[in-house]
Amino acid sequence: MGLLLEHGHLDLVIRAAAERGEWFCAESAVEELCRAGEFGRALEVMEPFVITGWRPALWAKADILLRAGRTEEARDLVRPDEAGRTSRTEHRDFAELLAKAGRGRRGHRPARPAHR
């Protein structure tokens, strides 16, 4: 994929993501689009994966939103479960998202575990 992108075949990579559901093509295309400031197109590429509810796609969309300056939307998309059913990994990922957004852990208090 890298070679295709290096030679200017971004549209081909986007088409493979759309027509074949190729996750790695979508990821690579999104990275290129974001680098070019084409956040709307990046969101369009990611959307077929997002609508399945697949967590890696939701996080990828959150990253696009964050890069586009849409911090609140990114945060709301992947906010940990308030009832404490969210894994430690998701809490860590959320904290990293907040740090990327320049908010650190301010404004986010991890939910307490449901069990003691």
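What follows is calculated from the coordinates using simple rules that are stated; it is not laboratory data. Just so you know, these numbers come straight off a predicted model, no measurement behind them.
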Listed by chain and number, the residues whose amide H is under 5 Å from that of HIS9, excluding neighbours fewer than 5 places away on the same chain and using placed H, are none
From phi via Karplus (6.51, -1.76, 1.60), per-residue ³J(HN,Hα) for region 54-66 in Hz, x at Gly/Pro: 5, 4, x, 6, 4, 5, 5, 5, 4, 5, 4, 4, 4
Work out, in µm²/s and without decimals, the Stokes-Einstein translational diffusion coefficient of region 1-76 at 25 °C, 0.890 mPa s, Rh from Kirkwood over C-alpha pairs. 200
Full extension from GLU19 to ILE51: what is 0.36 nm times the residue separation minus their Cα-Cα distance, to one decimal in nm? 10.0 nm
